[in-house]
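So the structure is just underneath, and the comments pick up after that.
The values are calculated or read from the model by the stated rules, or taken from the named source; none is laboratory data. Computed from a prediction, not measured in an experiment: that's the story for all the values here. So basically every Cβ, Gly included, is an ideal-geometry build from the backbone, and we count neighbours across all protein chains shown. Surface accessibility is based on the protein's heavy atoms, side chains included, excluding ligands, DNA and RNA. Shrake-Rupley method; radii C 1.70, N 1.55, O 1.52, S 1.80 Å.
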Amino acid sequence: MINRVSTASQYQNLTSNLMRKQGELNQTNGQLSSGKRVETAGDDPVSSVTIQNYRQQLTQIDQYNSAITLANNRLQTMETAIAGVEDNLGATKQKVLGMINGAMASNDRTAFKDELISLRDGLLELANSRDEAGNYVFAGNQSDTKPFMEATDGSMNYHGDNQSRYAQIDKSVNVKTSLPGDQLFTDIPNSYGDFRPVFSDKTATAGGLTDGSKLHLLSATTSDFSTAETIEVSFKESDKVDKDGNRVMQYSLKIGGKEVVTDASYDPQQGISYKDPAVADSATLNLQFDGISSGDSITLKPAQTINIFDSIQSAIDNAERPTSSPAAEANLQRVIDDLDSGFVHMNQQRSEVGTIMQQVDRQLEQHLDFELTLNQAQSGLEDLDYSKAIMDMNQQMMALQASQQAFGQTKQLSLFNYI
């Protein structure tokens, strides 16, 4: 059987073949100009889906990296501010130590007081530090509220909250980017334990520290702070003498205004240990003192934390008191203890910030490593192999030229050429 092919059908087939080869060449040229093997889903449907997933993951990593940059900026601001607080407390301690020097003239003490006021104001500026966006670093979640403001009585009131702001730096990783100001400045652990000493000079009508007294509280703790009450301790020498011929020191103890111990012997090594014998499972009280003089008395107020601003204000208030006042010297010594505790506390907070910064840096490194892996995987699917593409283009050009020549010859064929 003889099949007949019309001239129109032959022409259409040749034209379609030319168009197909021209399209392949155009596609290869487009790939060479863009450097991409897959530009649309039609180029490679399977690879296109995977490439899109890679792009989404890379976009998410970019967002996390931006969050890390902001977190690092805030953490660095906070770390710098805390370091400044440490320097401030160290300088304040040196001034207070100088004030304890009994040889200072009244003009010197006045000058030291002015410097203490300046240091307190500097500490206030650090406590009200802002980040690059103008947010208060130590205000908790109240980032637009000035955290510390001075009251009319000279005390510093905290106006932020006790929360911390967080930044999400990975799918399931959130890090602190702020610390509440009360945690840093008003909730510093009491260096004495659970009670704070209150010193006053002894008078004819009121107890206190005797002239020349060096009484110093070393520690005051209770096993149950919820039941803690105000404590009063007084000391006096008895007629008894110890094995070395020294008079035995006795103490009397009041708790909540009620005298519970009267003229008991005080052992400097053991201190005072008291437990109410009339109450089952009552709290155990432990007190330790140094530099006791006969006739001294001291009041202890329950307090597990201190406000560093109050401590510095106490130094300012006692700056110009007479050097002969044992209470003034005792109060300044208490300020030094507070500053030591404050410095240790700030150092711990700074270490916490440093730990967070290390965590953020590690997370950034993980993101960069994963980003490199994703880019390599995406490049393997999406990017063009130039050497292969150039070879393909040369072959396609040769094929196109051959088809064009064949088409040119074929379209001139006619039955009349054979008549």
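Quick one: is Ala151 closer than 30 Å to Gln363 by Cα and over 16 Å from the mean Cα position of the chain (by Cα)? First the steps, then the outcome.
On the way: closer than 30 Å to Gln363 by Cα: no; over 16 Å from the mean Cα position of the chain (by Cα): yes.
No.
Residue-level check: of (1) at pLDDT 75 or above; (2) closer than 27 Å to Gln56 by Cα; (3) open to solvent by 40 Å² or more (accessible area, probe 1.4 Å), Gly380 misses just (1).
Evaluated against (1) open to solvent by 20 Å² or more (accessible area, probe 1.4 Å); (2) closer than 25 Å to Leu364 by Cα; (3) in contact (Cβ under 8 Å) with a residue 12 or more places away in the chain, Ser66 falls short on exactly one condition, (3).
Any idea which residue in the range 294-304 is modelled with the highest pLDDT, counting only those that are part of a loop (DSSP other than H, G, I, E, B) and open to solvent by 50 Å² or more (accessible area, probe 1.4 Å)?
Applying the first criterion (part of a loop (DSSP other than H, G, I, E, B)) to the range 294-304 yields 294-296, 303-304.
Checking the rest, the ones that are also open to solvent by 50 Å² or more (accessible area, probe 1.4 Å) come to 294, 304.
Working: Ser294: 93, Gln304: 96.
Filtering first and then ranking leaves Gln304.
Looking at this structure, is Ser118 part of a helix (DSSP H, G or I), out of contact with any Pro (no Cβ under 7 Å at 6 or more places or on another chain) and either on the phi > 0 side of the Ramachandran plot or of a type in the set (S, T, N, Q) (or both)? The answer is yes for Ser118.
Against the numbered list (1) open to solvent by 30 Å² or more (accessible area, probe 1.4 Å); (2) modelled with pLDDT of 65 or more, Ala406 comes up short only at (2).
Would you confirm whether any residue within the range 184-193 is farther than 19 Å from Ser252 by Cβ, at pLDDT below 95, more than 19 Å from the chain's Cα centre (by Cα) and open to solvent by 30 Å² or more (accessible area, probe 1.4 Å)? Taking every residue of the range 184-193 in turn, at least one turns out to be farther than 19 Å from Ser252 by Cβ, at pLDDT below 95, more than 19 Å from the chain's Cα centre (by Cα) and open to solvent by 30 Å² or more (accessible area, probe 1.4 Å).
Looking only at residues in the range 121-141 that are outside any loop (DSSP other than H, G, I, E, B) and open to solvent by less than 80 Å² (accessible area, probe 1.4 Å), the one that is farthest from Ser178 (Cα to Cα) is Asp121.
Yes or no, residue by residue, for (1) within 24 Å of Asp108 (Cβ to Cβ); (2) without any contact (Cβ under 8 Å) to a residue 60 or more places away in the chain:
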{"position": "Lys275", "(1), (2)": "no, yes"}
{"position": "Ser282", "(1), (2)": "no, yes"}
{"position": "Ile306", "(1), (2)": "no, no"}
{"position": "Gln313", "(1), (2)": "yes, no"}
{"position": "Ile316", "(1), (2)": "yes, no"}
{"position": "Pro322", "(1), (2)": "yes, yes"}
{"position": "Pro326", "(1), (2)": "yes, no"}
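Within the range 142-180, the residues that satisfy the criterion of being in contact (Cβ under 8 Å) with a residue 12 or more places away in the chain, in a loop (DSSP other than H, G, I, E, B) and touching a strand residue (DSSP E or B) at 6+ places or on another chain (Cβ under 6 Å) are Ser143, Pro147, Ser164, Thr177. The residue that is surrounded by the most Cβ atoms within 10 Å (Cβ to Cβ), counting only those in the range 305-323 that are in contact with a Gly (Cβ under 8 Å, 6 or more places away or on another chain) and not in a helix (DSSP H, G or I), is Ile306.
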